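All remarks here apply to the structure that follows.
The values are calculated or read from the model by the stated rules, or taken from the named source; none is laboratory data. If you're wondering where the values come from, they're calculated on a predicted model, not measured in any experiment. Here the Cβ positions follow ideal geometry from the backbone for every residue, glycine too, while neighbour counts run over all protein chains shown. What goes into the accessible areas is simple: the full protein's heavy atoms, side chains included, and nothing from ligands, DNA or RNA. Shrake-Rupley method; radii C 1.70, N 1.55, O 1.52, S 1.80 Å.
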Amino acid sequence: MSGEEVGRIIGEASTLVAPFVSKTPPREGDYVVLEYEGFRVLGMIEYVLRVNDALTDVHDESVIDKIRSLDGGRNEYVKGVVRLLGDLNRPREGYPLPRIPPPPGTKLVRAGRGVLETIFGKSGNRVLRIGTLLSRRDVPVYLDVNKMVTRHLAILAITGAGKSNTVAVISDGLSRLGATLVIFDMHADYVYSGIGNLNPVQPRLNPFYMSLNELYKLMRIDPSAHKQARIFRAAYKVARKAISGGATSLGPEGFLDALKYMLYTVVGLEPPAGLVGVGGELEKLENYKKLLDIYSTRNFKDSAFGVLSKLEDFEERLAGIIDPAAPDALSLLERGKVNVVDLSRLDEDDADIVVSHYLRRILGERKKHRVGGEAVESMNAPVFVVLEEAHILAPKDRPTLSKYWIGRIAREGRKFGVGICLVSQRPKGLDVDSLSQVNNMIILKLVEPGDQRHVQQASEQLSEDLLRQLPALNVGEAVIIGPMTPFPVLVKIDKFQGQLGGSDIDVLGEWGSMRRRDEDTNYEDLIEVE
Ligand SMILES: Nc1ncnc2c1ncn2[C@@H]1O[C@H](COP(=O)(O)OP(=O)(O)OP(=O)(O)O)[C@@H](O)[C@H]1O
Ligand SMILES: [Mg+2]
């Protein structure tokens, strides 16, 4: 075997890891090849220590200097551990590990560029460029798109480490491949970005297309507040019947008005003049009369009043998003585009409802498509859904509407062509069930041990040694694990070339220019005083 020898296996080697010694320190994360007994095993240097046995237990600085000058560094060497990744002679079987460990004395040879390009470069379904090897900037790294979408993805890191940049690189790359993406953009990072094929979506929701549960949440009706929940449910049912049952001429745009009219009459207030037409239609319904009989009693009056004011608060709070004339939410999405749903104007609770509504509908339409039914046009091809702030949408310790649908998509999405990408700067706050259904991970700098342990629990591929790398990563550097890459890999993610929101604000610059402006103004003031 040709190539630069970087060390030799010594001591007790297993089939997974082997200690080595070396004269020149190889870089952590670099790749080596070990040839023994017919195998050609790729290994990754997991950690290195520089040692000088002559200097153990010496504490006096002058003695240290003397010994160093005497031995001239001859006693200095490097020891470390190499993780064995797989047999390069068996690519078709997915590079399985030999069952036999390398014998002590086996040479570690630095993997050549050609070898690494065959493994990590563009090939087959591995067509999405993400960056380069961290240890070899001349070797590009590509990810398997099918595996990424069907086995889901998590992008995890502390704030500012490069998560959004990674999302932009992936989205831009996927858009060139004709992908349909839906990015839920919590902070308007992407909506004005230069990602290719962008379709900015200002969400508009028609209550008619929302489930009872979604409306409870949106209206802040606590389902365990029995009377309020009962009244609303009854009115919801009558309004739906009025629109879909064929007995009235009301359309989806009349849904909210129908609810309002009913609540006004139940409470015993004169409905606003604009609702008279709707009222006329409702009067035709038997179950509307029943509703009046039951709920316009003294017993329910206070609760009904509460529901009415919640309905009005809800309309006011979400003015601009709730739109009775809006078509189905999915009709705003486009196939083959990077659809960026702008949630920046919503608080966390409302964002949860909007996201869950989309997720429910996306999964539903993809299922319909899968069984040959007629789905909404935008859902006629597989979809990759990106969720920023995933720890808010799918938190560990409390139920949210989105968490349920994130879990469902993580479990079932594979069969229906819905992939999910969870992005979070607080992995330990993320629902562990959802996270453990995600098989691919891009982990950038992660400092907190709690976060690291949580991620490790969810992924058996994240070894202790890879975990140790995480705090030391620089911006844009990542560990990538999962079926979308043949081996765990340390990568320098490409820098997205377009504009992204959410980059650091130039505080000093902005203060400076404001001060200059203020100074100019003050100067003029002074002249006036004089
Ligand atoms: N791979 C990279 N190469 C070069 N610069 C990068 C890279 N990734 C990120 N950066 C830079 O680092 C800064 C922070 O990146 P980014 O906004 O992607 O971080 P983030 O993890 O999404 O942060 P937050 O948690 O605040 O959303 C940006 O200015 C970005 O340009
Ligand atoms: Mg970000």
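What about D352, is it in contact (Cβ under 8 Å) with a residue 40 or more places away in the chain, within 16 Å of ligand 1 (Cβ to nearest atom), part of a helix (DSSP H, G or I) and under 25 Å from H187 (Cβ atoms)?
So D352 does not fit the description; no.
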Of residues in region 411-431 being in a helix (DSSP H, G or I) and under 25 Å from A161 (Cα atoms), the one nearest to the chain's Cα centre (by Cα): P427
Quick one: which residue in D222, D189 is open to solvent by 10 Å² or more (accessible area, probe 1.4 Å) and in the same structural domain as V355 (by TED's automatic domain parsing)? D189
Pairs where the first residue, in region 417-442, is outside the structural domain of A154 (by TED's automatic domain parsing) and the second is in a helix (DSSP H, G or I), C-beta under 8 Å, 6+ apart: none
Single match in V109, V115, V149 (criterion: in a strand (DSSP E or B) and of a type in the set (V, I, T)): V109
For region 448-482, give me the residue count where each residue is touching a residue at least 40 places away in the same chain (Cβ under 8 Å), farther than 20 Å from I392 by Cα and open to solvent by 70 Å² or more (accessible area, probe 1.4 Å). 2
Inspect all residues belonging to region 36-57 and state whether any of them is of a type outside the set (F, W, Y), at pLDDT 85 or above, open to solvent by 60 Å² or more (accessible area, probe 1.4 Å) and touching a Leu at 6+ places or on another chain (Cβ under 9 Å). yes
Is it the case that some residue within region 152-170 is farther than 25 Å from S378 by Cβ, in the same structural domain as L259 (by TED's automatic domain parsing) and among the hydroxyl-bearing types (S, T, Y)? no
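Return yes or no: is V278 without any contact (Cβ under 8 Å) to a residue 60 or more places away in the chain, open to solvent by less than 70 Å² (accessible area, probe 1.4 Å) and in a helix (DSSP H, G or I)?
yes
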From the option list V33, V63, single residue qualifying as modelled with pLDDT of 95 or more and not in a loop (DSSP other than H, G, I, E, B) is V33
